[in-house]
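Q: I'd like to ask you about the structure that follows.
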Amino acid sequence: MDIIIFAALFVLGVVCASNLILAKKPDAKDLIAKVAPYQGWIGAVSAVWGAWWLINWVLHVGFMMKVPIIGITWLADSLLLLGLGILCGIGILKMFIKAPAAAEKLDLTVTKLAPFQGILGLAGIAVALWTILDLYVLHL
């Protein structure tokens, strides 16, 4: 399951930070273009998954405070999956949301997050790499 979180965070991070990445490595354009058609669905699933993980983090906050490295990693994974998922999956999410007030609130959230899209994308890449390092190399 952790490898799926790594992959989702990494892909969402690359898609959201694509402008920053392309400024440094123009040859990455073809690779990013292959993922772009799927970013809506990856984002929508990641947003739902991030919300679920955030709820689970709150339910297990006692354990999270006993093991702070796992707790902070879990919280960062959850928040970034939710935020990047909303940014990339707004179109797909709006297809499933029927309440106008909820759609308006989603648009407001995207408006607030949009200026930080590149930074959140880089943070997603960094946290994805940290998650793999933490769980499979360092075993913290």
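The values are calculated or read from the model by the stated rules, or taken from the named source; none is laboratory data. Remember, it's a predicted structure, so these values are computed and weren't measured experimentally. Reconstructed Cβ throughout: ideal geometry from the backbone, glycine too, with neighbour counts over all protein chains shown. Only protein heavy atoms, including side chains, enter the accessible area calculation; ligands, DNA and RNA are left aside. Shrake-Rupley method; radii C 1.70, N 1.55, O 1.52, S 1.80 Å.
Q: Using a Förster distance of 30 angstrom, determine the FRET efficiency expected from the C-beta separation of Ile97 and Leu122, and round it to 0.05. Working shown, then result.
A: Values: r = 28 Å, r/R0 = 0.95.
E(calc), rounded to 0.05, equals 0.60.
Q: If you average 1/r over all unlike Cα pairs in the chain and invert the result, what Kirkwood radius do you get in angstrom?
A: Working: mean 1/r = 0.0645 Å⁻¹.
With all distinct Cα pairs of the chain included, I get 15.5 Å.
Q: At 0.36 nm per residue, minus the direct Cα-Cα distance, what do Val35 and Glu104 gain on full extension? Give it in nm, one decimal, please. The partial results should precede the final answer.
A: Values: separation 69, 0.36 × 69 = 24.84 nm, distance 2.77 nm.
Taking Val35 through Glu104 to full extension adds about 22.1 nm, to one decimal.
Q: Related question: Using 7 Å Cα-to-Cβ label points, what is the Ile3/Tyr136 separation (nm, one decimal)?
A: Going from the Ile3 label point to the Tyr136 one covers 0.6 nm.
Q: About its Cα centre, how strong a charge dipole does segment 14-106 have in debye, to the nearest 20, once Lys and Arg get +1 and Asp and Glu get -1 at the Cβ?
A: On the way: 8 positive and 4 negative charges, 14 e Å.
Here the size comes out at about 60 debye.
Q: With θ set to phi - 60°, apply the Karplus curve 6.51 cos²θ - 1.76 cosθ + 1.60 along segment 112-126 and write out the HN-Hα couplings as whole Hz, x wherever there is a Gly or Pro.
A: 6, 7, 4, x, 9, 4, x, 5, 5, x, 5, 5, x, 5, 5
Q: Which of Ala17, Ala101, Ala28 ends up with the largest GNM mean-square fluctuation for the chain, with Cα atoms connected below 10 Å?
A: Ala101
Q: Follow-up question, since we're still on this one. Give me the net charge of Ala36's neighbourhood, meaning all other residues with Cβ under 12 Å from the Cβ of Ala36; Lys, Arg count +1, Asp, Glu -1. All intermediate terms of the calculation are to be shown ahead of the outcome.
A: Details: positive: Lys29, Lys34; negative: Asp30.
Combined, the nearby Lys, Arg, Asp and Glu give +1.
Q: Residues of segment 1-137: accessible area per residue at 1.4 Å, in Å²? Mind dumping the intermediate values first?
A: Values: 8090 Å² over 137 residues.
Dividing the accessible area of segment 1-137 by its residue count gives 59 Å².
Q: I need the fraction of alpha carbon pairs in segment 60-113 separated by more than 13 Å, rounded to a whole percent. Walk me through the numbers on the way to the answer.
A: Values: 928 of 1431 pairs.
Of the Cα pairs, 65 percent sit more than 13 Å apart.
Q: If you don't mind, there's one more thing I want to ask. I'd like to know which of Ile90, Ala44, Phe6 lies farthest towards the positive end of the charge dipole of the chain, counting +1 on Cβ of Lys and Arg and -1 on Cβ of Asp and Glu.
A: Ile90
Q: With an 8 Å cut-off on Cα pairs and a minimum separation of 6 or more residues, tell me the relative contact order of the chain in percent.
A: Result for the chain is 40 percent.
Q: Computing the accessible area with a 1.4 Å probe over protein heavy atoms, can you report the carbon and sulfur percentage for the chain?
A: 75
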